[in-house]
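Dropping a structure here in structure tokens format, bear with me for questions.
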């Protein structure tokens, strides 16, 4: 009998404590034991998880007004500047922002010991932070300088808003050059001394919903240890790429913009990090529930690591200088084994994301649903999928004199 479920039917089972929920790792064994059809008949929700560095992340904060009031022109938290070009006491701090006095890569490779990701981690850990702000003063906002100490509980609102998270597949990074290089994929040893990857494979959210059938705008998710939502498709969302027969993209594709209340979140799942020679970032935990509306959705969620392939990319010249170089592809079973074969060479692998933490996120989300504290949501709008007419653009480099001549 064909399986057809609605979101409301699944939520009714959740409310009654009757929903059958399994993780994206557990569903693989159940399908091997029972087959797709029977497993689809029995399972209501599959939970996914990922935990890794997600540079395109940040927090929007409303500090509340001081007395006298100030219109914050520039704002710093623990010496890291937050963008203040919004309203009087609103600011956005990005995960990769650095203190003004950081030597960066002038002392190569730079250590980047503290940045926006660390500020966010300290905020959510309820640590006291030094807030500094300056202004030019107005009749309605006369104050020109503010220096104080705040915690997360002192501000009116603080919400995590991440423009690009949970990348659907990603590169396997290698270094074909003759010297060690320092990248957002970590330290890459010369002459293909290691291969770095950053996806949780068969547990990864969008690899279990390759065409975004159930993941869309308004989807309720696990975000940073609390409840969040998919706010939009993420920046660099590029779904019309080559895919395997199982629908899984063979390269980077979809991304998610996500949002949630920072005051609900945990420093366990939002962790500031320093990447030597590259900069500061934030490790983010995300889990997405996938309702099993029919057998097709069950088939997608039963994808295995060995069925997910990613491209091997050279980060010495190929990536930074946009030089095409076909180094083949590898699957996540081999990547997770610790060694992978690239161009006939056995190369040790170094994961940037944590599979054990991804597994834990999927398990936590499963428990939330089973306990009735978390219901699934029907997206209010789907994300652009593989048939979308999206062109992935680069910056056009034009002479500024051309612009001046047009004025």
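Would you order 321, 92, 300 from fewest to most other beta-carbon atoms within 10 Å of each residue's own beta-carbon? Walk me through the numbers on the way to the answer.
Values: 321 8, 92 17, 300 22.
By the 10 Å Cβ count, ascending, the order reads 321, 92, 300.
Could you check the spin-label model distance between residue 105 and residue 7? Points 7 Å from the Cα along Cα→Cβ, value in nm.
Placing both labels 7 Å beyond Cα along the Cβ direction yields 4.4 nm.
For an R0 of 35 angstrom, estimate the FRET efficiency from the Cβ-Cβ distance between residue 261 and residue 241 and round to the nearest 0.05.
Calculated transfer efficiency: 0.55.
Further, regarding this structure: Taking 8 Å as the Cα distance limit and 6 or more residues as the minimum spacing, I'd like the relative contact order of segment 42-170 as a percentage.
After rounding, I find 33 percent.
Scaled to the compact-protein estimate 2.2 N^0.38 Å, what is the alpha-carbon radius of gyration of the chain, rounded to two decimal places?
1.06
Taking the Cβ of each residue in 74, 213 as the centre, tally the other Cβ atoms inside 10 Å and list the residues starting with the fewest.
74, 213
Still on this model: How long is the gain from residue 380 to residue 341 if the chain were fully straight, where each residue apart is worth 0.36 nm and the alpha carbon distance is subtracted?
9.7 nm
Run the numbers on segment 70-143 and let me know its relative contact order in percent, using alpha-carbon pairs under 8 Å that are six or more apart.
Relative contact order comes out at 40 percent.
Same structure, new question: Would you please report the Å³ per residue occupied by the convex hull of the alpha carbon atoms in segment 278-407? Display every interim value, and only then the final one.
Numbers: hull volume 32.6 nm³, N = 130.
That works out to 251 Å³ per residue.
As an exercise, use a Förster radius of 51 Å and the Cβ-Cβ distance of residue 179 and residue 139 to find the FRET efficiency, rounded to the nearest 0.05.
Result of the calculation: an efficiency of 0.30.
Work out how far the C-alpha atoms of segment 1-116 reach from end to end along every principal axis, then list the three figures in whole Å, largest first.
Between the extreme Cα coordinates on each principal axis of segment 1-116 lie 66, 43, 20 Å.
Taking the Cα centroid of segment 299-365 and of segment 255-294, what is the distance between the two, rounded to the nearest whole Å?
The two parts, judged by their Cα centres, are 20 Å apart.
Rounded to the nearest 500 deg cm²/dmol, what is the calculated helix-only ellipticity per residue at 222 nm for the chain, with -39500 (n - 2.57) per DSSP H run of length n ≥ 4?
It comes out at -5000 deg cm²/dmol, rounded to the nearest 500.
How high is the relative contact order of the chain, in percent, with contacts defined as C-alpha pairs under 8 Å that are six or more residues apart?
Taking the mean separation of contacting Cα pairs over the length of the chain, I get 24 percent.
Measure nothing fancy, just the Cα-based angle from helix 26-42's long axis to the longest principal axis of the chain, in degrees from 0 to 90, nearest 10.
With both axes taken from Cα atoms, the answer is about 70 degrees.
List the extent of the Cα atoms of segment 177-245 along each of their three principal axes, largest first, rounded to whole Å.
47, 34, 23
Hey, another quick one. Once both labels are modelled 7 Å past Cα along the beta-carbon direction, what's the residue 73-residue 153 spacing in nm?
3.5
Would you order 211, 83 from fewest to most other beta-carbon atoms within 10 Å of each residue's own beta-carbon? Display every interim value, and only then the final one.
Numbers: 211 21, 83 15.
Ranked by crowding around the Cβ, least crowded first: 83, 211.
Run the paramagnetic zone check for residue 306: 7 angstrom along Cα to Cβ, then residues of segment 183-212 with backbone nitrogen under 16 Å.
202
Measure nothing fancy, just the Cα-based angle from helix 355-370's long axis to the longest principal axis of the chain, in degrees from 0 to 90, nearest 10.
Taking Cα atoms only, the helix is inclined about 80 degrees.
Values quoted throughout were computed directly from the atomic coordinates according to the rules given, and no laboratory measurement underlies them. Being a predicted model, the structure only gives us computed values, none of them experimental. Cβ coordinates were reconstructed from backbone atoms using ideal geometry, including for glycine residues, and neighbour counts include every protein chain displayed.
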